[in-house]
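The values are calculated or read from the model by the stated rules, or taken from the named source; none is laboratory data. Computed from a prediction, not measured in an experiment: that's the story for all the values here. Heads up, the Cβs are rebuilt from the backbone with ideal geometry, glycines too, and the neighbour counts pull from every protein chain shown.
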Amino acid sequence: PYLLAFLITLALLVQLLTFDKLVPLLNAYNLPGGEVTTKIIVSLIVLAELFSLPFLLRMTLSPLARLCSALLSLMAITLWALLGLWAFAGNGPVDNSGLLSSVVPFGWGVTAVILLVALALTLWSFSILNITAIYRQAPI
């Protein structure tokens with residue numbers, strides 16, 4: 001999970017430092033709802049990446065916070081993958097995926113490989129998480 005934490009931290013830092021360029025960059029996806037939807041998705045991605053770090057860095061957390069952080073790590077990767085599927089569906093040409101904002105312009109071929117590795121690492125890190133034990137300990 002530390003490799004995944006490094007990848008997400010790198011992406012998060014670049015996205016936060018160039019947040020003003022990230023929204024117009026992802027606006028090229030021509031998402032339904034226009035710029036409002038783009039701002040919501042960008043915010044969700046950045047927040048999911050931020051709050052997934054405690055799980056990926058194996059910080060001491062309550063069982064419920066650990067589960068939420070683990071699910072947010074999966075959500076961050078899934079949102080990027082859904083954006084990639086949207087781009088592949090032919091909804092406008094996307095030259096830069098936006099994964100590292102405008103600092104390092106990746107096409108979707110490279111980004112798809114990065115996301116595949118990140119998804120595999122995320123699912124592998126879930127094996128560290130004993131979900132049944134967390135479910136038993138989580139307050140209702």
Quiz item: Does segment 80-99 contain any residue that is surrounded by 14 or more Cβ atoms within 10 Å (Cβ to Cβ), closer than 20 Å to VAL14 by Cβ and in contact with a Pro (Cβ under 7 Å, 6 or more places away or on another chain)?
Solution: yes
Exercise. Exactly one condition in (1) under 19 Å from LEU26 (Cβ atoms); (2) under 17 Å from the mean Cα position of the chain (by Cα); (3) modelled with pLDDT under 85; (4) surrounded by fewer than 18 Cβ atoms within 10 Å (Cβ to Cβ) is not met by VAL117; state its number.
Key: (1)
Quiz item: Taking SER102, is it closer than 23 Å to PHE19 by Cβ, in contact with a Ser or Thr (Cβ under 9 Å, 6 or more places away or on another chain) and in contact (Cβ under 8 Å) with a residue 60 or more places away in the chain?
Solution: yes
Practice problem: Restricting attention to segment 63-116, report how many residues are of a type in the set (Val, Ile, Thr) and not in a helix (DSSP H, G or I). | Solution: 3
